[in-house]
Amino acid sequence: QGVTVQELAEALDVSPNDIIKRLFLLGTPLTMTQSMSDDLVELVADDLGRQIKIVTPEEENTFSFYDDPKDLKPRPPVVTVMGHVDHGKTSLLDAIRHTGVATHEAGGITQHIGASQVMINGRQITFVDTPGHEAFTAMRARGAKITDVVVLVVAADDGVMPQTVEAINHSKAAGVPIVVAVNKCDKPDANPDRVRQELVEYGVIPEEWGGQNMFVNVSARQKTGIDDLLETILLQADVLELKANPDTFASGYIIEAKLDRGRGPVATVLVNRGTLHVGDTLVAGMSYGRVRAMLDQHGNNVKEAKPSDAVEILGLNSVPAAGDEFRVFEDERDARDLAEQRSLKARIEEQNKVKHVTLETLFSEMSENELAELNLVVKADVQGSIEALADALGKMDQSEVRINIIHSAVGAISETDVVLAAASNAIIIGFGVRPQGKARDLAEKENVQIKTYSIIYKAIEDIDAARVGLLKPTE
Ligand code: GDP
């Protein structure tokens, strides 16, 4: 379960053949997809004049997130808005942001960064702007805790609908309290009481009826009840006594990330512990980098982000995934090592799924994976067969896929041929020869196709058919 030859090659940015060669010289012949022991990795890297550091999973987990209770300070609530489609989630968020901007005096145009912070009565609330329980649960599945309170939007003229029930179940599964915003109360056919009655069936019971849930009647369109809703969220947050240690290295989660043409990878982070500063080095999933700049939702530069703050950061080397955890590292090298180690692991998992091209899959590989070259390893009993094949291939239309004979020789198909084919995503063609020794087993393990023929024109026919997707699986 170590790093494979190919992974190491990618990590060190050298050709896999270079590594295979060195391994061979070290007396340890391995193929592309075989994994190497840590010692071997170090030896080969050393051989190549490269310094590497192997991070074990144990080391990765030695970071302690323990906080002394005396270091904990109150932090603002983080809220996600959920509800049935068209019940007004987006409109409500807009109305809330509008209120927030007015009180915040931050000015400027609100940018979409995936989260917004609003102030009410001098207190902050952070809203995650991707409404809906799908995104919420997708992030939760990745271990991200990004919500303290759920605002369940239910349209007063429509009542409880299927996605309302889903949102309730997702919130309950996450153990997050629900504040109900009964929306569209401006409508003539609005019936807020009916919404309350319907929700009882799903265990969401108004406080005034002896239940646990706070309800607020609002109209996102007329912007009524918004202050009341925000104050209610704060009341709910007070019950939760949300706290975090702000005086430590920051950690939290990625809410959104994208590649920006001018600015490179851009990610919105939600800090849930510590304080994030410009200049900090952090790892987020498989990405790392130094925070070059931090921006709030108004596009203003900010110097630090405290627990429950959401800011956009610039400076990562790649785009992390929503739901990835991030954490600040003291040492930039440690950060890079961890990020690289993680991408190696991810690629190993990917690699384990690798199947090399076959004549039967060639055409779909060409269209789906933009494969532009067909590599062949040709072995034959006589040199004449090799020349005849090369000749015929030379006359074939190669505008769609270029056909390369990367290796040809007289003799049986050997393990080395398979290793080469695996490393080059090649198919092995044999004329009047068969796989020798363990070559067949290795080919099976490495997913390398071996096609043997006794007549040359049959091979040419197959390759020509494969080229245009007309070769049907026979085996
Ligand atoms: P979402 O799918 O939950 O995000 O819902 P939207 O915010 O897109 O709203 C769906 C529709 O309901 C839009 O046409 C809104 O203008 C309308 N709408 C949202 N809130 C209100 C409200 O408070 N009153 C009225 N009358 N219409 C609303």
Residue tally, condition modelled with pLDDT of 95 or more and in contact with a helix residue (DSSP H, G or I) (Cβ under 6 Å, 6 or more places away or on another chain), over region 224-256: 1
Residue among VAL44, VAL55, VAL14 that is more than 19 Å from LEU442 (Cβ to Cβ) and at pLDDT below 80: VAL55
Selection count, region 1-48, where residues are buried (at least 18 other Cβ atoms within 10 Å of the Cβ), over 23 Å from ASN425 (Cβ atoms) and of a type in the set (Gly, Ala, Ser): 1
Helices (runs of 4 or more DSSP H) fully within region 361-475 counting 2 or more residues that are closer than 21 Å to ASN17 by Cβ: 415-423, 439-446
Selected residue (only one of GLY279, GLY262 is modelled with pLDDT of 95 or more, part of a loop (DSSP other than H, G, I, E, B) and surrounded by fewer than 22 Cβ atoms within 10 Å (Cβ to Cβ)): GLY279
Within region 230-254, tally of residues that are closer than 25 Å to GLY122 by Cα and in contact with a Leu (Cβ under 8 Å, 6 or more places away or on another chain): 5
Region 126-184, residues that are closer than 13 Å to HIS84 by Cα and of a type in the set (Gly, Ala, Ser): GLY132, ALA155, ALA156, GLY159, ALA167, ALA181
Some residue of region 202-216 being crowded, with 20+ Cβ neighbours inside 10 Å and either within 16 Å of the ligand (Cβ to nearest atom) or of a type in the set (Phe, Trp, Tyr) (or both): yes
Identity of the residue in region 217-235, surrounded by 19 or more Cβ atoms within 10 Å (Cβ to Cβ) and hydrophobic (A, V, I, L, M, F, W, C), that ends up farthest from the ligand (Cβ to nearest atom): ILE233
Residue within region 331-347 that is hydrophobic (A, V, I, L, M, F, W, C) and in contact with a Pro (Cβ under 7 Å, 6 or more places away or on another chain) present: no
Failed condition for CYS185, given (1) under 38 Å from the mean Cα position of the chain (by Cα); (2) within 10 Å of the ligand (Cβ to nearest atom); (3) buried (at least 21 other Cβ atoms within 10 Å of the Cβ): (1)
Top-ranked residue of region 426-472 - restricted to ones that are touching a strand residue (DSSP E or B) at 6+ places or on another chain (Cβ under 8 Å) and polar (S, T, N, Q), ranked as farthest from GLY384 (Cα to Cα): GLN449
Single residue of region 312-343 satisfying the filter (buried (at least 21 other Cβ atoms within 10 Å of the Cβ) and assigned to a helix (DSSP H, G or I)) that is nearest to the chain's Cα centre (by Cα): ALA339
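For region 282-299, name all the residues that are of a type in the set (D, E, K, R) and either closer than 19 Å to SER343 by Cβ or crowded, with 16+ Cβ neighbours inside 10 Å (or both).
Let us first name the residues in region 282-299 that are of a type in the set (D, E, K, R), namely 290, 292, 296.
Residues satisfying the conditions are ARG290, ASP296.
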Odd one out for ARG292, checked against (1) part of a helix (DSSP H, G or I); (2) in contact (Cβ under 8 Å) with a residue 12 or more places away in the chain: (1)
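Have a look at GLN197, GLN163 and point out the one that is within 10 Å of the ligand (Cβ to nearest atom), among the polar types (S, T, N, Q) and either surrounded by 20 or more Cβ atoms within 10 Å (Cβ to Cβ) or not in a loop (DSSP other than H, G, I, E, B) (or both).
Values: GLN197 fails: within 10 Å of the ligand (Cβ to nearest atom).
Going through GLN197, GLN163 in turn, just one is within 10 Å of the ligand (Cβ to nearest atom), among the polar types (S, T, N, Q) and either surrounded by 20 or more Cβ atoms within 10 Å (Cβ to Cβ) or not in a loop (DSSP other than H, G, I, E, B) (or both): GLN163.
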Number of the condition not met by ALA390 [criteria: (1) at pLDDT below 90; (2) over 30 Å from PRO77 (Cα atoms)]: (1)
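The values are calculated or read from the model by the stated rules, or taken from the named source; none is laboratory data. Only a predicted model underlies this, so the values are computations on that prediction, with no experimental measurement involved. Please note: Cβ atoms are built from the backbone with ideal geometry, for glycine as well, and neighbour counts cover all protein chains shown.
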